[in-house]
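> The structure that follows is given in the form of structure tokens.
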Amino acid sequence: MQRARVLAGFHAVSARLRAAPASIETVYLDTQRRDARMRTLVERLEAAGVQWVAADAQRLRGLAGPSPHQGVVALCAPLDTAGTLEAVIDGLSPGSLLLLLDGVTDPRNLGACLRTADAAGVEAVIVPRDRSAGLGTEAARAAAGAAETLPLVAVTNLARAMDDLREAGVTMVGADAEAPQTIHQVALPTPLAWVLGAEGSGMRRLTRERCDSLARIPLSGSVESLNVSVAAGICLFESVRRRNLQAAGLRG
């Protein structure tokens, strides 16, 4: 039997309430909060027939662990949002957009990447099974609901998965600070996968070598790198920008 999943914070709990209210076992609320946000959540829980109970700060901390909970913690049945590489390949279309993350081990960064990817219309996020954070409470909260709907695919060998994606027609562009061309200059054909490594260490050698091209984010200030979720957002939305221009018959 799978353990109940803990969701903490308004975003994560509200997203589950929208997506699968029947999967929510119990919601614990800090009834000392009497603001409009809490009142709205209570109304939605009661309208959906979801059980909620009052809890003090100590109990909420015990349930949520290190994750900020904002006075809201839910115990839910796990949802099966983990996909497979085969399903991703089978579902490819000419406009497919994917995100590959190599070595993102901070759960908050993983969650933020999921949130950004969902906003950009990414169809799946692919990570190596042995070099990635898991989808726990911290990642789910940072994902702000995206973890409930966006497939997160863990593969045994990321380099081999990239080979399979290439054979299926996916072009892979890696974000690399040393690349000669910028993300505004690189070709972004479709279907496309952006490939990013962890801040600082970047992509592993085999991952970098399997990219069809590399591109850097032009930085004007004194910082040498960006948080991976910020970098993912910039790269993904450059793809979105160009596709919107192409759809309008313009050149970007």
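The values are calculated or read from the model by the stated rules, or taken from the named source; none is laboratory data. Please read these numbers as outputs of a predicted model, since none were measured by experiment. In this analysis, Cβ positions are derived from the backbone assuming ideal geometry, glycine residues included, and neighbour counts consider all displayed protein chains.
> Just name the residue that is surrounded by the most Cβ atoms within 10 Å (Cβ to Cβ) out of those in the range 177-195 that are within 22 Å of ILE89 (Cα to Cα) and touching a helix residue (DSSP H, G or I) at 6+ places or on another chain (Cβ under 7 Å).
TRP194
> Then there is this: Among the residues of the range 1-24, which ones are at pLDDT 80 or above, surrounded by fewer than 20 Cβ atoms within 10 Å (Cβ to Cβ) and farther than 18 Å from GLY111 by Cα?
ARG18, ALA20, PRO21, ALA22, SER23
> Moving on. State all residues of the range 229-252 that are within 14 Å of GLY95 (Cα to Cα) and either hydroxyl-bearing (Ser, Thr, Tyr) or in contact with a helix residue (DSSP H, G or I) (Cβ under 8 Å, 6 or more places away or on another chain) (or both); if no residue qualifies, say none.
Residues satisfying the conditions are LEU236, SER239.
> On the given criteria, is ALA22 without any contact (Cβ under 8 Å) to a residue 24 or more places away in the chain and either assigned by TED's automatic domain parsing to the domain that holds PHE237 or over 26 Å from the mean Cα position of the chain (by Cα) (or both)?
no
> Regarding the range 94-105, can at least one residue be identified that is out of contact with any strand residue (DSSP E or B) (no Cβ under 6 Å at 6 or more places or on another chain) and either part of a helix (DSSP H, G or I) or not assigned by TED's automatic domain parsing to the domain that holds ARG210 (or both)?
no
Yes/no matrix, rows are residues, columns are (1) assigned to a loop (DSSP other than H, G, I, E, B); (2) in contact (Cβ under 8 Å) with a residue 60 or more places away in the chain; (3) buried (at least 16 other Cβ atoms within 10 Å of the Cβ):
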residue	(1), (2), (3)
GLY197	no, yes, yes
GLY200	yes, no, no
ALA215	no, no, yes
SER220	yes, no, no
LEU236	no, yes, yes
ARG242	no, no, yes
LEU250	yes, no, no
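> When only residues in the range 122-150 that are more than 16 Å from ASN109 (Cβ to Cβ) and at pLDDT 90 or above count, which is surrounded by the most Cβ atoms within 10 Å (Cβ to Cβ)?
ALA124
> Which one of these does SER96 not meet: (1) within 27 Å of ASP164 (Cα to Cα); (2) surrounded by fewer than 18 Cβ atoms within 10 Å (Cβ to Cβ); (3) of a type in the set (Ser, Thr, Tyr)?
It fails just one condition, (2).
> Condition first: at negative phi and either outside the structural domain of ASP56 (by TED's automatic domain parsing) or of a type outside the set (A, V, I, L, M) (or both). Now tell me which residues in the range 9-19 satisfy that.
Scanning the range 9-19 gives PHE10, HIS11, SER14, ARG16, ARG18.
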